[in-house]
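What follows is calculated from the coordinates using simple rules that are stated; it is not laboratory data. All figures in this text were calculated on a predicted structure; none of them were measured in a lab. Using ideal geometry, Cβ is built from the backbone for each residue, glycine included, and neighbour counts are taken over all protein chains shown.
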Amino acid sequence: MPVRTSEAEWEGDLRDGTGTMALGSGAYEGEYSYVSRFEEGDGTNPEELIGAAHAGCFSMALAGNLAKAGHEPDRIHTQAHVHLEDGQIARIVLEVDADVPDIDDDEFREQAEEAKQNCPVSQALSGGPTIELDASLA
């Protein structure tokens, strides 16, 4: 199975420092700071990247579920609203809008709920994986 890698570098203290985050594929690199994370400043933040990962994973899982049930989707658009409260991710709201031929609301909601429960990012965020640490001083 593939191992996906991303990285971050931070310089300075929590309040006045700055950092960058990058995806191992090179598809994204961006700056982040205290202000972009805990206030409303320029740059990205870890929660925004978690939201993108969750929205992408959920959309793919839902597409797979729908196709397996005989309802191949034309389009699935998902927004993940990651709520950061008191320094913790308090909740994530997945808001999905889809074009799926020949399906009723009940079946669509059932397939969406299954995707929410079973996509790998949902499972990881619900306490799934072991997190290991290898730490060293430069």
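Over the chain, Cα pairs under 8 Å with separation of 6+ residues give a relative contact order of 15 percent.
Using the Cβ-Cβ distance between Leu84 and Met1 with R0 set to 25 Å, the FRET efficiency works out to roughly 0.25.
Per residue of the chain, the DSSP helices (runs of n ≥ 4 H) give a summed -39500 (n - 2.57) that works out to -11000 deg cm²/dmol at 222 nm. If you model segment 1-44 as an ellipsoid using its alpha carbon gyration tensor, with each semi-axis the square root of five times an eigenvalue, the axes come out at 23, 11, 8 Å, biggest first. The GluC sites (Glu not before Pro) of segment 1-90 that meet both conditions, a loop assignment by DSSP and at most 12 other Cβ atoms within 10 Å of the site Cβ, are Glu39, Glu40. Assuming charge only on the beta carbon of Lys and Arg (+1) and of Asp and Glu (-1), the dipole of the chain about its Cα centre is about 400 debye to the nearest 20.
Going from the fewest other Cβ atoms within 10 Å to the most, the residues Ile76, Ile89, Ile103 appear in the order Ile89, Ile103, Ile76. Projecting the Cα positions of Ser36, Met1, Ser25 onto the charge dipole of segment 1-44 (unit charges on Cβ atoms of Lys, Arg, Asp and Glu, taken about the Cα centre) puts Met1 furthest along the positive direction. Averaging Cα coordinates gives a centre for segment 1-65 and one for segment 87-104; these two points are 20 Å apart. For segment 1-44, the relative contact order comes to 28 percent (Cα pairs under 8 Å, sequence separation of at least 6). Are there trypsin sites (Lys or Arg not before Pro) in segment 4-44 that DSSP puts in a loop and that have at most 13 other Cβ atoms within 10 Å, and which ones? In loop regions of segment 4-44 (DSSP not H, G, I, E or B), the sparsely surrounded trypsin sites (Lys or Arg not before Pro) are Arg4, Arg15. Amide H contacts for Tyr28 (H built 1.01 Å from N in the peptide plane; partners 5 or more residues away or on another chain; cut-off under 5 Å): Leu23. For the chain, just list the percent of Cα-Cα distances falling in each 10 Å bin from zero outward, please. For the chain, the binned pair fractions read 10, 33, 33, 17, 6, 1 percent. Note that segment 13-22 has calculated 3J(HN,Hα) couplings of 7, 4, 6, 10, x, 9, x, 10, 10, 9 Hz, one per residue in order, obtained from phi through the Karplus relation 6.51 cos²θ - 1.76 cosθ + 1.60 (θ = phi - 60°); glycine and proline are x. Once C-alpha pairs closer than 8 Å and six or more residues apart are averaged by separation and normalised to the residue number of segment 49-115, the relative contact order reads 35 percent.
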